[in-house]
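In what follows, a structure is listed as structure tokens, so that the remarks can point back to it.
The values are calculated or read from the model by the stated rules, or taken from the named source; none is laboratory data. Predicted model only: the values in this text are computed from it and were never measured. Note: ideal-geometry Cβ built from the backbone for every residue, glycine included; neighbour counts use all protein chains shown. Only protein heavy atoms, including side chains, enter the accessible area calculation; ligands, DNA and RNA are left aside. Shrake-Rupley method; radii C 1.70, N 1.55, O 1.52, S 1.80 Å.
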Amino acid sequence: QVQLVESGGGLVQAGGSLRLSCVGSGMIFSLNVMGWYRQAPGKQRELVASMVYGGKTTTADSVKGRFTISRDNAKNTVYLQMNSLKPEDTAVYYCRLNQGGFDYWGQGTQVTVSS
């Protein structure tokens, strides 16, 4: 069984920064993909950024240059550094782990950016 626990969300003013963390526990193997998705009210869940075990990243165009994903494989942890936040970044942010063809999701953490 795999569990993912996110932290670091909150309320911030536009232009501010937040750092999200996601810690995985349980049967976690190497060669996985960890990433962040977000879902705003009334919208579909969308990819924010992901990183494979070897370091290759994928980042959504809407956050390029502002958000940075990183991971600590020894700690089964993935981070999302979010700078220059905008009101349109407001959403619930979810951590996702993909390994062996299975997807695991965290419970989500709310990020609210005020204008």
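Quick check on my filter: what residues within segment 42-59 are crowded, with 19+ Cβ neighbours inside 10 Å, more than 14 Å from THR90 (Cα to Cα) and aliphatic (A, V, I, L, M)?
Quick first cut of segment 42-59, residues crowded, with 19+ Cβ neighbours inside 10 Å only: 48-51, 59.
Keeping just the survivors that are more than 14 Å from THR90 (Cα to Cα) gives 49-51, 59.
Answer for segment 42-59, where residues must be crowded, with 19+ Cβ neighbours inside 10 Å, more than 14 Å from THR90 (Cα to Cα) and aliphatic (A, V, I, L, M): ALA49, MET51.
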**Prompt:** Counting only residues that are touching a Cys at 6+ places or on another chain (Cβ under 9 Å) and among the polar types (S, T, N, Q), how many does segment 1-20 have?
**Reply:** 1
**Prompt:** Of the residues in segment 53-109, how many are out of contact with any Asp or Glu (no Cβ under 7 Å at 6 or more places or on another chain), among the basic types (Lys, Arg) and either touching a residue at least 60 places away in the same chain (Cβ under 8 Å) or within 14 Å of VAL23 (Cβ to Cβ) (or both)?
**Reply:** 3
**Fill in**
A careful count of residues in segment 65-87 that are outside any strand (DSSP E or B), open to solvent by 40 Å² or more (accessible area, probe 1.4 Å), modelled with pLDDT of 95 or more and not small (Gly, Ala, Ser) gives 3
**Message:** Please go through segment 98-115 and give me each residue that is of a type outside the set (S, T, N, Q) and either surrounded by fewer than 18 Cβ atoms within 10 Å (Cβ to Cβ) or under 10 Å from the mean Cα position of the chain (by Cα) (or both), ordered by number.
**Reply:** GLY100, GLY101, PHE102, ASP103, TRP105, GLY106, GLY108
**Asked** Across segment 46-83, what is the number of residues that are over 12 Å from the mean Cα position of the chain (by Cα), farther than 14 Å from VAL111 by Cα and not β-branched (Val, Ile, Thr)?
**Response** 14
**Request:** Check ARG19 against each of (1) in contact (Cβ under 8 Å) with a residue 12 or more places away in the chain; (2) over 16 Å from VAL113 (Cβ atoms) and name the one condition it does not meet.
**Result:** (2)
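Identify, from the list SER25, SER62, SER30, SER21, the residue that is assigned to a loop (DSSP other than H, G, I, E, B) and surrounded by 11 or more Cβ atoms within 10 Å (Cβ to Cβ). If you could, list the steps in order and put the result at the bottom.
Details: SER25 fails: assigned to a loop (DSSP other than H, G, I, E, B); SER30 fails: surrounded by 11 or more Cβ atoms within 10 Å (Cβ to Cβ); SER21 fails: assigned to a loop (DSSP other than H, G, I, E, B).
One residue alone meets the criteria, SER62.
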